[in-house]
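The structure appears below as structure tokens.
Rule-based calculations on the coordinates, nothing more; no lab input. This one's a predicted model, so the numbers in the text were calculated from it and none came from an experiment. Using ideal geometry, Cβ is built from the backbone for each residue, glycine included, and neighbour counts are taken over all protein chains shown.
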Amino acid sequence: MTELPLAVEVAAAGILGAVVGSFLNVVIFRLPLGNSVVWPGSVCATCSRPLAWYENIPIASFLVLRARCRTCGSPISWRYPIVEAVTAAMFAILYWLLGPSLLFISRAVFASALVALFAIDLEHYLLPDAITLPGIVAGFIFSLFTEPGWLASLIGILAGGGVLWGVAEAYYRIRHEDGLGFGDVKMLGMIGAFLGWKLMLLTLLFGSVGGSVIGVVLIISGRGDMKYKLPFGTFLALGAASAMIVGPPFLHWYIGQW
């Protein structure tokens with residue numbers, strides 16, 4: 001049997017990612033509202049008209065409809081094609097790096113959770129337990145059969161949750177106000193479950209640096225102050241995505257310097 005060219009397989013992974021991204025849009029919209037993500041079917045957020053199948057084609061439907069509902073003409077958020085495109089790109093990159101493997105499936109599940117958490121935290125300052133807690137379990141189960149291995153995953157869960165819990169507790173005792181939510185703690189535990197403790201620490205580094213840079217920019221521009229609340233989960237998601245893709249070669253290079 002003739003094998004498909006790698007480019008075709010990567011493109012297929014990207015299409016799968018776009019379809020998953022379409023479902024993630026439902027999760028992002030409904031989960032913070034406490035609504036079911038599987039029923040009823042997709043509807044217009046303004047006029048509540050059920051959408052036809054051809055209005056749910058990832059990215060293409062948004063472009064054909066010119067970002068407006070076919071019935072009421074209300075604008076459709078750009079979040080929908082962006083989420084679909086980002087998820088498609090992540091699936092394609094992961095398949096290109098990992099090929100058809102259990103590790104690809106693990107990383108694709110993880111990437112999907114990151115996309116949903118990024119968008120929800122950015123809009124609602126919320127990291128739902130419905131994603132993070134099952135994510136911890138799924139990450140550990142995957143680790144029994146593929147990278148990072150069950151021990152690194154277990155340490156990642158305990159250390160990931162423990163590190164942020166310690167930071168949050170110390171901040172509260174010093175400032176007598178909450179600095180981090182427990183959603184961040186559980187999210188970093190999920191990251192540790194999927195990536196292991198080494199890449200979890202790298203995620204925390206990337207996320208902290210990114211959050212600090214944005215915080216400084218907001219303060220300098222006068223759009224925030226020292227008490228301005230940033231959705232740290234969004235930075236953890238970006239840090240985890242970066243660590244997942246570039247983390248292994250980065251750690252190999254860094255260790256080689258010593």
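The stretch between His252 and Arg68 holds 61.5 nm of extra length on full extension. This uses 0.36 nm per residue minus the Cα-Cα distance. With springs connecting C-alpha atoms under 10 Å apart, model the chain as a Gaussian network and identify which of Leu218, Leu117, Leu24 has the largest mean-square fluctuation. Greatest mean-square fluctuation among the candidates belongs to Leu218. Helix screen, the chain: DSSP H segments with Cα axial length of 27 Å or more and mean Kyte-Doolittle hydropathy at least -0.5 are 6-30, 79-98, 102-124, 150-175, 182-220, 232-256.
Annotation: the residues Arg70, Arg30, sorted from fewest to most other C-beta atoms within 10 Å of their own C-beta, follow the order Arg30, Arg70.
Within the stretch 33-47, list the residues whose amide N lies under 11 Å from a label point set 7 Å along Cα→Cβ of Val137. Of the residues in the stretch 33-47, none has backbone N under 11 Å from the label point off Val137. Annotation: amide H-H contacts under 5 Å for Leu126 (H modelled 1.01 Å from N, sequence separation of 5 or more, or interchain): Asp121.
Remark: the stretch 49-55, residue by residue, has Karplus-estimated 3J(HN,Hα) of 6, x, 8, 6, 4, 6, 8 Hz, where x stands for each Gly or Pro and the curve is 6.51 cos²θ - 1.76 cosθ + 1.60 at θ = phi - 60°. In plain terms, the chain from Val37 to Leu230 could stretch by 66.8 nm, reckoned as 0.36 nm per residue minus the Cα-Cα distance. Count Lys and Arg as plus one, Asp and Glu as minus one, and take only other residues whose Cβ is under 14 Å from that of Ala92; the net charge is then -1. Shape class for the chain: oblate, because the ratio a/c of the largest to smallest gyration tensor axis (alpha-carbon atoms, square roots of eigenvalues) is 1.5 or more and b/c is at least a/b. Residues whose amide H lies under 5 Å from that of Arg49, counting only those 5 or more places away or on a different chain, are Cys44; hydrogens are built 1.01 Å from N in the peptide plane. Multiplying the residue separation of Ile214 and Arg79 by 0.36 nm and subtracting their alpha-carbon distance yields 46.5 nm. When the chain is treated as a GNM with alpha-carbon contacts under 10 Å, the residue of Ile174, Ile191, Ile28 showing the greatest mean-square fluctuation is Ile174.
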